[in-house]
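These notes are about the structure you will find just below.
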């Protein structure tokens, strides 16, 4: 299908483009930026006047809840949500039920997502069997089945010998290992950042050292094994400083942060708002500011939605018993845009953290609009605001700390492979 | 969720969930009202008809003797119908959710819920989901709050010390896990106590506790100097099982209140304890039963204070 997107403000972080420019798509690829190719016949024209045209978003952490957790969400609902959020590629963590620890499960997931034909799904395989932290998975087989990396999701991996072996084995094949730094014994069943709010509210705390102690182990084991490591959802100022130092030493480390943590802090827990029950916990205001600084100076490479749809009953419980997580796919763009506006970050740099930077971490050809690249595109209206309500959200998970808030930036069109998969009416 | 959920739009008490953020006028109103009820509890005919025809449901998801009983007595003296539900062994164990339980009881025309729950924030959650004509009293939620206990402690302090503005108060023990301590701290600072101290080893103090407006001490001799009011907290046995404290013997030696340690405070200092006491762990029997102890009067005052809270809520 030939599509001509005209008059939009084209922002392509990889190629340093931020200008009013037309875009021509054909055969699922970008054909030309700016000049109309010879004998290009418009099949469809999208008038993007006043809108921003950017690469489709690449989300490094979106739980789709299949297989096994369909009461929370289904592939149908969540891939629609991704498309509505301008997300065209996403990585899903292995913490399904059963976990993604066998090639057959990964193949089934790939098959299901392919047949839905909306956005590209990149499964992250389990690092250990059943995510129990004991025996390694068949990583090479899992890679052949379609896994792009290996992680332990939020499951505890207490045995450092197992972690080192997993990292060594992954490095044998050049696979990357994704880890969220949290020491399970220091987290000690806590539910909120160990700070003033947890003290006031009497919530079991998770100290910052639960992150930094784990991070220290991971950094030392990265040096030992040479494996490529991606750190998921860093949450603390001290953590950011450690990652910065590790990168300065030239270690093969990348890092992301969840968009909620860029905006919110422990103070947002208010009177036990279970929508703010997140993993890792929302930390202090200085921590949040350090995360923003880390994004600005490149210590943190990417922003993810940390999409974790939770069924509503699981949130209608006292804070400590409520299930952690928030819906995020449909908020990622708006919240990234809002953050850029607040911080006076150039939009091209902000969009890089949700397009080209995460695509590089995934090792996929996406997140840019170079001719011949896949025509994965997000078109949004920067002037339009929308209310975050249960009915406005397509994801089956309706809970987010931003429920009831008004956000800037409305996605108007999402294209995957040159095909319109979402159109805001 | 931004508005203080225990006040209605007129700024009156709709629920009693915590002493944090409670205006001093409401605190004083509760204490003054309790003062007027204290006489009732000493009369021959102890009933007054303020809550006649109202149903008070005691929802205890955690075991309690003293608190539940004094709430029951308080409600009955106000002529309310009292229904006691020991939920630890009923519906919740059959898998019913907290809100379902509460909705079912609301359908039985409850007017007031007195709630105790092991999870911090349980009373807030119930309060934000009940019909607007139902009042919720937090009788203890996790580590978070136990406002009526703190109020009866304030009542006791006022009875014995009259004025809050010249007092030094020390709270000794497991602040980390104590809803009582948190509620006391907020009430004391709101009522104008110039110096509130907490005394404990570091493993049972929450982080940033000084942000609540208290001074932190780890040593009894230093912490008790010039103290007017001593509040001893119960040390739960399960703390010894974990890595919080090595033994009850060592705890008693360094933090248990003996006559010798009490002598470090002012000579007219009063000794309080929210109960139930562990004699020989946090407090020596000689002190608990001694002439500076006001532990039993605390229990008595608890009835008047709970009557005051219920009658004020019913009137709003």
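Per-residue answers, yes or no, for (1) in contact (Cβ under 8 Å) with a residue 60 or more places away in the chain; (2) within 14 Å of chain B (Cβ to nearest Cβ); (3) farther than 22 Å from residue A:120 by Cα:
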site: A:315; (1), (2), (3): yes, yes, yes
site: A:336; (1), (2), (3): yes, no, no
site: A:376; (1), (2), (3): yes, no, no
site: A:385; (1), (2), (3): no, no, yes
site: A:394; (1), (2), (3): yes, no, no
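Inside the range B:195-250, can you point out the residues that are in a strand (DSSP E or B) and either under 20 Å from residue A:204 (Cβ atoms) or within 14 Å of another protein chain (Cβ to nearest Cβ) (or both)?
B:198, B:216
Which condition number does residue A:71 fail, the rest of (1) over 17 Å from the mean Cα position of the chain (by Cα); (2) under 21 Å from residue A:409 (Cβ atoms) being met?
Status for residue A:71: all satisfied but (2).
Can you tell me which residues in the range A:22-32 are surrounded by fewer than 21 Cβ atoms within 10 Å (Cβ to Cβ), touching a strand residue (DSSP E or B) at 6+ places or on another chain (Cβ under 6 Å) and in contact (Cβ under 8 Å) with a residue 24 or more places away in the chain?
A:31, A:32
Only one of these conditions is not met by residue B:180: (1) surrounded by 21 or more Cβ atoms within 10 Å (Cβ to Cβ); (2) in contact with a strand residue (DSSP E or B) (Cβ under 7 Å, 6 or more places away or on another chain). Which number is it?
Residue B:180 satisfies all of (1) surrounded by 21 or more Cβ atoms within 10 Å (Cβ to Cβ); (2) in contact with a strand residue (DSSP E or B) (Cβ under 7 Å, 6 or more places away or on another chain) except (2).
Considering only the range B:245-257, state which residues are touching a helix residue (DSSP H, G or I) at 6+ places or on another chain (Cβ under 9 Å), surrounded by fewer than 16 Cβ atoms within 10 Å (Cβ to Cβ) and at pLDDT 95 or above.
Passing the criteria: only B:254.
Got at least one residue in the range A:194-213 being assigned to a loop (DSSP other than H, G, I, E, B), in contact with a strand residue (DSSP E or B) (Cβ under 6 Å, 6 or more places away or on another chain) and in the same structural domain as residue A:268 (by TED's automatic domain parsing)?
Yes, the conditions are met somewhere in the range A:194-213.
Name the single residue that is farthest from the other protein chains (Cβ to nearest Cβ) among those in the range B:131-158 being surrounded by fewer than 20 Cβ atoms within 10 Å (Cβ to Cβ) and assigned to a loop (DSSP other than H, G, I, E, B).
Restricting to residues being surrounded by fewer than 20 Cβ atoms within 10 Å (Cβ to Cβ) and assigned to a loop (DSSP other than H, G, I, E, B), the top hit is B:133.
Here are some residues: A:163, A:179, A:215, A:201. Which one is buried (at least 19 other Cβ atoms within 10 Å of the Cβ) and within 14 Å of chain B (Cβ to nearest Cβ)?
The unique qualifying residue is A:201.
Evaluate the following for residue A:169: is it touching a helix residue (DSSP H, G or I) at 6+ places or on another chain (Cβ under 7 Å), in contact (Cβ under 8 Å) with a residue 24 or more places away in the chain, assigned by TED's automatic domain parsing to the domain that holds residue A:274 and in a strand (DSSP E or B)?
It is false that residue A:169 is touching a helix residue (DSSP H, G or I) at 6+ places or on another chain (Cβ under 7 Å), in contact (Cβ under 8 Å) with a residue 24 or more places away in the chain, assigned by TED's automatic domain parsing to the domain that holds residue A:274 and in a strand (DSSP E or B).
Looking at the structure I just gave you, is residue A:224 surrounded by fewer than 24 Cβ atoms within 10 Å (Cβ to Cβ) and away from chain B (no Cβ under 14 Å)?
Yes, satisfied.
Return the only residue of A:119, A:148 being in contact with a strand residue (DSSP E or B) (Cβ under 7 Å, 6 or more places away or on another chain), in the same structural domain as residue A:278 (by TED's automatic domain parsing) and surrounded by fewer than 22 Cβ atoms within 10 Å (Cβ to Cβ).
Exactly one of A:119, A:148 is in contact with a strand residue (DSSP E or B) (Cβ under 7 Å, 6 or more places away or on another chain), in the same structural domain as residue A:278 (by TED's automatic domain parsing) and surrounded by fewer than 22 Cβ atoms within 10 Å (Cβ to Cβ), namely A:148.
Condition check: touching a residue at least 24 places away in the same chain (Cβ under 8 Å), away from chain B (no Cβ under 14 Å), under 18 Å from the mean Cα position of the chain (by Cα) and surrounded by fewer than 24 Cβ atoms within 10 Å (Cβ to Cβ). Does residue A:292 satisfy that?
Spelling it out, residue A:292 is indeed touching a residue at least 24 places away in the same chain (Cβ under 8 Å), away from chain B (no Cβ under 14 Å), under 18 Å from the mean Cα position of the chain (by Cα) and surrounded by fewer than 24 Cβ atoms within 10 Å (Cβ to Cβ).
The values are calculated or read from the model by the stated rules, or taken from the named source; none is laboratory data. Please read these numbers as outputs of a predicted model, since none were measured by experiment. As a convention, Cβ positions derive from the backbone with ideal geometry for all residues, glycine included, and neighbour counts pool all protein chains shown.
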